[in-house]
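Below is one structure; the comments refer to it alone.
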Amino acid sequence: MELCRLCRLQSFNCSWNQLTGLPSWLRHVTTLTKLDARKNPIIGPLRFAAESENSARAVRHFLTELEHGAGSFRSVKLMLVGHGFAGKTTLKDVLQCSNTADIPAVIDRKRERTRGIETLTLIANAGDGPWVDAQTAAAMADALRFNVWDFGGQMEYCTGNQHFVSEECAVYVLVLNPCDKTVSVDQQARFWLSFLASKFDPVRLRHRAGLASIAIVITHGDSLLDTANARKPCLQQVRAVCNEEHFRNLPIVNAVATFLDLKRHPQQIVSLRSSLASLGRQQIAF
Ligand SMILES: Nc1nc2c(ncn2[C@@H]2O[C@H](COP(=O)(O)OP(=O)(O)O)[C@@H](O)[C@H]2O)c(=O)[nH]1
Ligand SMILES: [Mg+2]
């Protein structure tokens, strides 16, 4: 008998297999109360549903939403990581800035040091316009929702933050500050890439299967005015770190950092927004 005819199925155990997805007919089996799909290499956010506490309900809900193309799964985590004072919270504010002329003032705004993690949902509507807070704005049909996680960069929070690191459905923005007098830009890069590398499964890294992306941005470009003599070595150092044996398989986008000089060239935010949105869309196009 075909499995899809089991319309009164109550319990289904498909754990410890090689399943990369779950059959779409499961969404119709309303009698299903127990589903064990653990220990399968399920790709994409379906895996979170399959591993959740009430997996039968979560998987049914997920598959139904997927069938209807519902917006709730057009969500991707955008994780801002980097040392304290690298410019993560500033970047989060700038991404929401509706007028590029205001960006220099937003950068100079006094802000509290981030403690632990701050989260908010930003909607990247189609195009490269400002991202808007989901609490205050309505999303268009093809909008992408970024669940933004702004990690307090202070070392003492690292252990706690590890629980939030996920291998997929996420875009990591590694923010580096070349003006940090205590930790050089290559040390910052090495620290955070090691942290991320320890969270990715080495086998999946080798196969590059449906993994999160890592984008690197270098802030404080305005403080490194001497473009030829200051920026080039800085970029070279970061590129060299990305090419180190230990990091070579990481899903670093282009393995090249972007130098941001948003104070003098606020327009740069437009292309950054559109690159991040395109990375986000790749995460949900599975
Ligand atoms: N000059 C300059 N200052 C910046 C830039 N980005 C951030 N800052 C400043 O750097 C400090 C730390 O930024 P913040 O976003 O709080 O860092 P976080 O700890 O990584 O969240 C703040 O005083 C910002 O105003 C930049 O591109 N240029
Ligand atoms: Mg901060």
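Starting from the Cα of Gln267, step 7 Å toward the Cβ, then list every residue of region 90-110 with an amide N under 16 Å from that point. Taking a point 7 Å out along Cα→Cβ of Gln267, the residues of region 90-110 whose backbone N falls under 16 Å are 99-104. Net length available on complete extension from Glu53 to Glu244 is 64.9 nm, with 0.36 nm assigned per residue and the Cα-Cα distance removed. With each label modelled as a point 7 angstrom along the Cα→C-beta vector, the Thr119-Arg208 pair spans 3.0 nm.
Which chymotrypsin sites (Phe, Trp or Tyr not before Pro) in region 182-222 sit in a loop by DSSP (not H, G, I, E or B) and have at most 13 other Cβ atoms within 10 Å of their own Cβ?
Working: sites: Phe191, Trp192, Phe195, Phe200; in loops: Phe200.
Answer by residue number: there is no such site.
Shown for Ser166, Ser198, Ser278, Ser55: other C-beta atoms within 10 Å of each C-beta, ranked fewest to most, produce the order Ser198, Ser278, Ser166, Ser55. Pairs of Lys residues in region 74-284 that lie 8 or more places apart, or on two chains, and have C-alpha atoms under 29 angstrom apart add up to 21.
Counting every other Cβ atom within 10 Å of each residue's Cβ, Trp131, Trp16 order from fewest to most as Trp16, Trp131.
The numbers here are math on the coordinates, done by the rules we state, and not lab data. Model, not experiment: these values are computed from the prediction. Please note: Cβ atoms are built from the backbone with ideal geometry, for glycine as well, and neighbour counts cover all protein chains shown.
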